[in-house]
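Report on the structure given below.
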Amino acid sequence: VQLQASGGGLVQPGGSLRLSCAASGSTFSIIRMAWYRQTPGKQRDLVARISRTSTVYAESVKGRFTISGDNAWNTVYLQMNGLKPEDTAAYYCHAVAYRDFTEYPYWGQGTLVTVSS
């Protein structure tokens, strides 16, 4: 599975951005996808996760961010509204594939989101 993230950029506080993660390869084996974010010197934290049955959000983004995707796991989006300076980070797409009773994690490259006036 290969993941290609896009959509980052500079936005003013209160603005919106939509991140996209395009999956290719053995997408039929994907069971869930997620967005993480990371700032320099800190660990990579979960922002939102989606599976066929549920979505999960970090407390800090609930009500502002929405994760969505198509049923074929070809593309997953992160709609980010009401952006705050503390949302500034590199955002990474993550996928978990399931094959032969084993879960395999995959990461895309980061896309930088900067929230600043």
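For this structure, a couple of remarks:
- Heavy-atom accessible surface of the stretch 46-108: percent carbon and sulfur, 1.4 Å: 51
- Measuring with a 1.4 angstrom probe and ignoring ligands and nucleic acids, D100 comes out at about 130 Å² accessible.
- Of all DSSP-defined beta bridges confined to the chain, some 95% are antiparallel rather than parallel.
- For the stretch 1-55: relative contact order, % (alpha-carbon pairs under 8 angstrom, 6 or more apart): 27
- Shape summary of the stretch 78-117, radius of gyration then Dmax from alpha carbon positions: 14.6, 49 Å.
- Accessible area of the chain divided out per residue, in Å², using a probe of 1.4 angstrom: 53
- Heavy-atom SASA rank of W107, W35 (probe 1.4 Å, accessible area, largest first): W107, W35
- Relative contact order %, the chain, counting alpha carbon pairs below 8 Å whose residues are six or more apart: 37
- Each other residue within a Cβ distance under 14 Å of G82 adds +1 if Lys or Arg and -1 if Asp or Glu, for a net charge of +2.
- For the chain, the calculated P(r), taken from all Cα-Cα distances in 10 Å bins from zero up to the bin holding the longest distance, is 15, 48, 29, 7, 1 percent.
The values are calculated or read from the model by the stated rules, or taken from the named source; none is laboratory data. All of these numbers come straight from a predicted model, not from anything done at the bench. Because the Cβ atoms are built from the backbone with ideal geometry, glycine has one as well, and the counts that use them run over all protein chains shown. Side chains included, ligands, DNA and RNA excluded: accessible areas come from the protein's heavy atoms. Shrake-Rupley method; radii C 1.70, N 1.55, O 1.52, S 1.80 Å.
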